[in-house]
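Novice: Submitted below is the structure of interest, expressed as structure tokens.
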Amino acid sequence: MLQRLTAIYVQGIIRFGCTFRSEIGKLRQQSVSAYIPRKISVSQHKKLDQLLLRLITTDLKWRHFGCYAHTVNLIVNDSLNLIQDTLSKVSKIVSHFRKSANAKNKLDIVQRQQGKEPKKLVKDVPTRWNSTYLMQNRFLELEEAIRTTLALIDGESLPVIPTEEWKFMKELVIVLKLFYDVMELMSAEKYVTLSLVIIVTNSLENVYSEMWDSSEFGNLSKNFIGNIK
């Protein structure tokens, strides 16, 4: 997936870089000077938009390149579908602590006993994968307090997370953090991000390849990484 993403944007940059200067003159000649009067009405604005769209897609044959952040979201969401069982367990436990005042209070008490300022668990939003990362990250941050609290409350109806699954979640957070940081970088508004696309995508591919080859990541994590690659 990452290789295809790089190829698409390389093609886009080459096409725009090679054709922009010459073709923009055609656009101006065919649309601006020949079509736009000094004062333009709303209906003329709409006609101009339609004309420019036809020129770009039909005459110039420029390809539309989708939002990079949206493409990344599709890749991550597709991979997260592979681990819904684990994510569902975490989500159910988080929901219990957020809905039960008794469970929340005990979690706060345990955190204070551990010498920490109480923090709240974060609930994920199905339509936003980055909220899944934030949920997992906070869940692991409070792992010791959560385990202790679950032993103190009546948690028979709650999912059980075995040791190997806790290990997988720690690895998952490392994997997702890379995409989370990339999304923060590519969503910036104070600087141009198009020039970063190839560098960022190649970097992601290299890092995930290293993770794939590393003995520090288990089979579950490598299956997740493999789907991304």
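Results for (1) over 20 Å from the mean Cα position of the chain (by Cα); (2) touching a residue at least 40 places away in the same chain (Cβ under 8 Å); (3) in the same structural domain as L80 (by TED's automatic domain parsing), shown as yes or no for each residue.
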{"position": "Q111", "(1), (2), (3)": "yes, no, yes"}
{"position": "K120", "(1), (2), (3)": "yes, no, yes"}
{"position": "K123", "(1), (2), (3)": "no, no, yes"}
{"position": "R128", "(1), (2), (3)": "no, no, yes"}
{"position": "T132", "(1), (2), (3)": "no, yes, yes"}
{"position": "R138", "(1), (2), (3)": "no, no, yes"}
{"position": "I146", "(1), (2), (3)": "yes, yes, yes"}
{"position": "L150", "(1), (2), (3)": "yes, yes, yes"}
{"position": "I161", "(1), (2), (3)": "yes, yes, yes"}
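Novice: Going through the range 123-133 one residue at a time, which ones are surrounded by fewer than 18 Cβ atoms within 10 Å (Cβ to Cβ) and at pLDDT 90 or above?
Specialist: Of everything in the range 123-133, those that are surrounded by fewer than 18 Cβ atoms within 10 Å (Cβ to Cβ) and at pLDDT 90 or above turn out to be K123, S131.
Novice: With the structure loaded, tell me whether R138 is assigned to a helix (DSSP H, G or I), within 30 Å of E216 (Cα to Cα) and basic (K, R) or whether it fails that test.
Specialist: Criteria met by R138.
Novice: Identify all residues within the range 204-221 that are closer than 10 Å to V175 by Cβ and crowded, with 17+ Cβ neighbours inside 10 Å; write none if there are none.
Specialist: If the condition is that a residue be closer than 10 Å to V175 by Cβ and crowded, with 17+ Cβ neighbours inside 10 Å, then Y208, M211, F217, S221 are the ones that fit.
Novice: While we're here: Working carefully through the options I109, I174, I146, I93, find the one that is farther than 24 Å from L220 by Cα and in a helix (DSSP H, G or I).
Specialist: Selected residue: I109, the only one of I109, I174, I146, I93 that is farther than 24 Å from L220 by Cα and in a helix (DSSP H, G or I).
Novice: Just to be sure before I move on: is I75 in the same structural domain as E184 (by TED's automatic domain parsing), at pLDDT 95 or above, assigned to a helix (DSSP H, G or I) and in contact with a helix residue (DSSP H, G or I) (Cβ under 9 Å, 6 or more places away or on another chain) in the structure I sent?
Specialist: Here the answer is no, as I75 does not meet what is asked.
Novice: Would you confirm whether any residue within the range 60-67 is small (G, A, S), within 21 Å of the chain's Cα centre (by Cα) and at pLDDT 75 or above?
Specialist: no
Novice: Against the definition (under 21 Å from Q84 (Cα atoms), at pLDDT 85 or above and either surrounded by 17 or more Cβ atoms within 10 Å (Cβ to Cβ) or small (G, A, S) (or both)), how does L172 come out, yes or no?
Specialist: For L172, the condition - under 21 Å from Q84 (Cα atoms), at pLDDT 85 or above and either surrounded by 17 or more Cβ atoms within 10 Å (Cβ to Cβ) or small (G, A, S) (or both) - is met.
Novice: Same structure again: With (1) within 20 Å of V207 (Cβ to Cβ); (2) modelled with pLDDT of 90 or more as the list, and W166 as the residue in question, which single condition is left unmet?
Specialist: Answer for W166: the failing condition is (1).
The values are calculated or read from the model by the stated rules, or taken from the named source; none is laboratory data. Because the structure is predicted, anything quoted here is derived from the model rather than measured. We place every Cβ from the backbone using ideal geometry, glycine too, and count neighbours over all the protein chains shown.
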